[in-house]
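Read the figures in this text as sums done on the coordinates, not as results from a lab. All values reported here derive from a predicted model rather than from experimental measurement. Here the Cβ is made from the backbone with ideal geometry for all residues, glycine too, and neighbour counts use every protein chain on show.
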2 protein chains.
Amino acid sequence: MPVNLVAPDPSSLYPVAGLELGTARAGIRKPGRRDLLLGRLAPGATVAGVFTRNRFCAAPVRVCREHLAAGRGVRAWVVNTGNANAGTGENGLAAARATCASVAALLGVEVAQVLPFSTGVILEPLPLERLVAGLPAARDDLHAARWAEAAEAIMTTDTLPKAASRRVSVGGREVTVTGIAKGAGMIRPNMATMLAFVATDAAVPQPVLERWVREAADASFNRITIDGDTSTNDSFVLAATGASDVAVASEASPGAAALKAAVIEVSRELAQAIVRDGEGATKFITIAVEGAGTPAEAAAVAYAVAHSPLVKTAFFASDPNLGRILAAIGYAGIDDLDPSRIDLWLGDVHVATLGGRHPAYQEADGQRVMRQAEIGVRIALGRGAAGTTVWTCDLSHDYVSINADYRS
Amino acid sequence: MPVNLVAPDPSSLYPVAGLELGTARAGIRKPGRRDLLLGRLAPGATVAGVFTRNRFCAAPVRVCREHLAAGRGVRAWVVNTGNANAGTGENGLAAARATCASVAALLGVEVAQVLPFSTGVILEPLPLERLVAGLPAARDDLHAARWAEAAEAIMTTDTLPKAASRRVSVGGREVTVTGIAKGAGMIRPNMATMLAFVATDAAVPQPVLERWVREAADASFNRITIDGDTSTNDSFVLAATGASDVAVASEASPGAAALKAAVIEVSRELAQAIVRDGEGATKFITIAVEGAGTPAEAAAVAYAVAHSPLVKTAFFASDPNLGRILAAIGYAGIDDLDPSRIDLWLGDVHVATLGGRHPAYQEADGQRVMRQAEIGVRIALGRGAAGTTVWTCDLSHDYVSINADYRS
């Protein structure tokens, strides 16, 4: 049951001029499921991406990096679900390249202008023939108003499609930012989440877009975790088609800040939607760390708490077993941490101070907060001025069921 | 359901001359439960310990470190379950000191000769009065043949008591090594496990004992993980009473190697028993990493695999979803890892090679191994000569149930 998340209303997803999307049912893993997404970009679009830091990265991630580095521009992307094409060795790499070649031939673009993405089971050969056979139907479906279907086509164990859209004024003219993402499990992005695509119809120069995709990832997908497992396929791509005739020449241009803010807002909404629909999630938890000596220290503490199975099961049970949070802070790796300087709040309730329970803390107050579907944890370390915020979910019976049954 | 573990037969636990144990029902957390353990050591015993590296360490851990550093010798230890006396600030420290003072008065020893240990819920005040009121009954129960009751008295969510015993010949004379441990959850020891006590009736000089307790911890408790949560209370204590009149003067003495091996064997049996009885465990998993560049690299890979919730749920489901193991290897933090040099075996089945699926691998072979209760994972990194072995268990519905209900 996703936490305060509903399927996006298709009419709320503004088309992005210069980008057409088309989907098909290719039967990659299971028949009858929308599992193939094709995207076609207008000539002259700029595209930047960030990818998983998992060393066992998938074949399509390697090909994406190569094609972006080639600098021939991007004219198309192709996404399949049902198979990650990861842990597939040289055959997998050849299959990803063959996918790009098929798309290039179909759309009349160069092979190096196609970006491939896969998500699904690892260590299984990609069913290339079925994927290629599905491409013409996806091409025939290409249309600017296909964001809702696209969000559905990239789902795996997601229970709901994830999409977000904004309109923002740039130099007095309106431009659009729309994006989709998929998540659910193997989520502890270290660069970007499993798959996310955000596009705007403004024109944005390549170097600016490359900075923005990193900033947006750091403010969104790089701040979420479900199970601490960094995927082999994480990819986050930002495209600027320029089809609106509104151009942002540099970060100092009028409206550039507003456009960047809209990109970050859309990315963050998608990232939080991934957590809300995390495998088995029943709670949406915001962990804010302040008073850290460095940003890395803040992140270490936030992720230690966010990854602790004991903390996550306590949230699932609505049990204010807050000593588990203190224990996780204690093993986060800060060697000279002074427990007596730590303060801990659960929602608005001051739980711990001076290395122990706050004198005014009542279990009933902790219980009241723990019963909510959206819970804030605030940790003050008393060491410095750095901080961070991480979003995560609880660990429930359904997480175990989903992952014990995923392939069956 | 513990994995291939039964309650120890009391007759298999050899008494250690020079150490008496006594238990009592003090009602620390729940009435009627054996929850207090007292140990009395003969004068002249040497004792060494290793303790949690969690910075939020419990009050008794701080007092243990102080008392060992004072060098007055150890004459007694006292253990309570039901309350960890962690996250309890200055009051908790005072309660741990008061516990030692009561034991010292009761047994006629110095306060600094008493080591206190606690395990249970964090962030709750220690019920000192009930603990102290239970001490006389524990003292009246003191006897050398109480290892089975002692193993029971230190349990929390453990479903079975854990004890191991060996007799070994040192210089032609027999000496005994017996130990007990408790585990179950919040288990990723970073020094020693939650609580373990091993004793021998041989005489071992303090500096030798201090090296041995570290070596034994590194070969046993520091190689297990259940949920990756390093506890606030981890303590592992090794005592040598000398009551057998067999003395090991140095590590070069006759029989020293045999005695050290027996200490390590007992420690390892206890550590593995903790994993076998891990919260919700249905599988006992041995993860062996070889071909690493450094021991730290080997440990990083072994623990990434051992902690991955996706790997652990796949083991629970007997699902050979082995791509999840490759993904965990990939995010273990080795920046220059070359996936094409990795080999992976599940039991005797060669699963992956050259960065992909082994050509001869059949799903049915993986399935056959996954159905077993004891599973070996072997990972060859192809980078060097270092390696390590880590023991862990799967992640089941019962883990979630136990930790969602622990305090209720």
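The mean number of Cβ atoms from other chains found within 10 Å of a Cβ in peptide A:301-309 is 3, as a whole number. Taking a sphere under 13 Å around the Cβ of B:HIS350 and counting the other residues whose Cβ falls inside, with K and R at +1 and D and E at -1, yields a net charge of -1.
For the protein assembly as shown, a Kirkwood hydrodynamic radius built from all Cα pairs, placed in the Stokes-Einstein relation at 25 °C and 0.890 mPa s, yields a translational diffusion coefficient of 87 µm²/s. For a label point 7 Å from the Cα of B:ARG72 along Cα→C-beta, name the residues of segment B:101-133 whose backbone N is under 19 Å from it. Inside the label zone: B:101-117. Take every pair of alpha-carbon atoms less than 8 Å apart whose residues are at least six positions apart; their mean separation over the length of segment B:1-63 yields a relative contact order of 22 percent. Lysine pairs in the protein assembly as shown whose alpha-carbon atoms fall under 21 angstrom of each other, counting only those eight or more residues apart or on distinct chains, come to 13.
Our summary gives segment A:10-276 a relative contact order of 25 percent, counting only alpha carbon pairs under 8 angstrom and 6 or more residues apart.
Please find the FRET efficiency linking B:THR159 to B:ALA219, where r is the Cβ-Cβ separation and R0 is fixed at 25 Å, and quote it to the nearest 0.05.
0.50
Quick one: if the Förster radius is 35 Å, what FRET efficiency do A:HIS143 and A:ALA247 give, using the C-beta to C-beta distance and rounding to 0.05? Calculated transfer efficiency: 0.90.
The mean number of Cβ atoms from other chains found within 10 Å of a Cβ in peptide B:48-54 is 2, as a whole number.
Relative protection proxy for A:328-341, B:208-221, from highest mean packing down: B:208-221, A:328-341 (other beta-carbon atoms within 10 angstrom). Placing dummy labels 7 Å off each Cα toward the beta-carbon, the span from A:ALA373 to B:GLU363 is 3.7 nm.
Packing here is the average count of other Cβ atoms within 10 Å per residue, and on that basis the peptides A:5-16, A:377-388, highest first, run A:377-388, A:5-16. Here A:SER12 and A:ALA42 are evaluated by their C-beta separation; at R0 = 22 Å the FRET efficiency comes out at 0.40. Counting only DSSP H runs of at least 4 residues, each contributing -39500 (n - 2.57), and dividing by the residue count of chain A, the helix-based mean residue ellipticity at 222 nm comes to -10000 deg cm²/dmol.
Taking the Cα centre of segment B:37-126 as origin, sum charge times position over the Cβ atoms of Lys and Arg (+1) and Asp and Glu (-1), and report the length of that vector in debye to the nearest 20.
220
Starting from the label point of B:SER11 at 7 Å along Cα→Cβ, the same points in the other copies fall at 8.2 nm, in ascending order. The HN-Hα couplings worked out from phi for segment B:345-358 by the Karplus form 6.51 cos²θ - 1.76 cosθ + 1.60 (θ = phi - 60°) are 10, 10, x, 9, 9, 7, 9, 9, 8, 6, x, x, 5, 5 Hz, whole numbers, x standing for Gly and Pro. Once the chain from A:ARG33 to A:ALA105 is taken as fully extended at 0.36 nm per residue, the excess over their C-alpha distance is 23.4 nm.
Given q = 0.06, 0.07, 0.09, 0.13 Å⁻¹, what are the Debye log10 I(q)/I(0) values for chain A, with equal point scatterers placed on the Cα positions and solvent ignored? Debye curve over Cα of chain A, log10 I(q)/I(0) at q = 0.06, 0.07, 0.09, 0.13 Å⁻¹: -0.25, -0.34, -0.55, -1.05. Distances between equivalent label points of A:GLY44 across the copies, with each point positioned 7 Å along Cα→Cβ, amount to 9.5 nm, shortest listed first. To the nearest whole percent, what portion of all C-alpha pairs in segment B:284-405 is separated by more than 20 angstrom? Of all Cα-Cα distances in segment B:284-405, 38 percent exceed 20 Å.
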